[in-house]
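Below is one structure; the comments refer to it alone.
Every number here is computed from the coordinates shown, using simple stated rules; none is lab data. Bear in mind the structure is a predicted one, so any value in this text is a computation, not a measurement. Here the Cβ positions follow ideal geometry from the backbone for every residue, glycine too, while neighbour counts run over all protein chains shown.
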Amino acid sequence: MTAVRIGLSFDDGPAIRWTPQILDLLAAHDARATFFLVGQIAERDQDLVRRISAEGHEVGNHTWSHPALARDCDDEQVRTELSRTNELLEQILGAPPAMFRAPYYNWDERVDEIGAELGLRHAHGDVVPPDWHPRFTAGLIATFVLQGVSPGAIVGLHDGVPRLEIAEDETRQPTVDAVAAILPALGEREIACLPVSEMLA
């Protein structure tokens, strides 16, 4: 059995253009991950949410509309952003998520406490390349991850854009292409990719 394990996660989806490609890659390499979903996008693309779960991946809460929770939201707004997405995911999948990730990793003790009231634990990231940046190529993303991982690390990537309308020049294809390089390289190093909750357990 593989001794070294890391947590693999994706934020800002689901995205019809990129999430299915990532799911295919994960299946091909026997890897599992956590997808932190934006509620308003998940509401539109419910079949893709079901596919993520059906293929053995974990679904987490990435708020309803992707605000900076600690910086820009009062208690009521934080609670609404998280609870609305919880309720949607429970409606789609039959159970609410157990984890959330604050957009931009912008959270504090106050946000943690509200999340806990809703049955949510915050998921940090240890290796978080700026794969959302247009100048970050697949090669840079893959190098960042492969040089940064250590046993138990949580990798945070992005499989979507956190808005309902995506600009023509916005793409997450470099992340998809990076995952296509990362997964076999980790396999050669006998590093298994698992959902984030298994790293936090």
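Details
- Karplus (6.51, -1.76, 1.60) ³J(HN,Hα), θ = phi - 60°, over region 129-134, in Hz, Gly and Pro reported as x: x, x, 5, 7, 6, x
- The chain, relative contact order in percent, only Cα pairs under 8 angstrom and at least six apart counted: 33 percent
- Rounded to 10°, Cα long-axis angle of helix 173-188 versus longest principal axis of the chain: 60 degrees
- Degrees separating the helix 19-28 axis from the principal Cα axis of the chain, which is the longest one: 50 degrees
- Long-range amide H partners of residue 157 with built H, under 5 Å: 9, 10, 11
- Between residue 4 and 192, the built amide H atoms are under 5 Å apart, and every one of these is 5 or more places off in sequence or on another chain.
- Packing, taken as the mean count of other beta carbons within 10 Å per residue, orders the peptides 26-34, 69-77 from highest to lowest as 26-34, 69-77.
- For the chain, the longest principal axis of the alpha carbon atoms and the long axis of helix 75-93 meet at an angle near 60°.
- Once backbone amide H atoms are built at 1.01 Å from N, residue 58 has 33, 34, 35 as its partners under 5 Å, excluding neighbours fewer than 5 places away on the same chain.
- What the phi angles of region 5-13 give under the Karplus curve with 6.51, -1.76 and 1.60, with θ = phi - 60°, is a coupling list of 10, 10, x, 10, 9, 9, 10, 6, x Hz, glycine and proline written as x.
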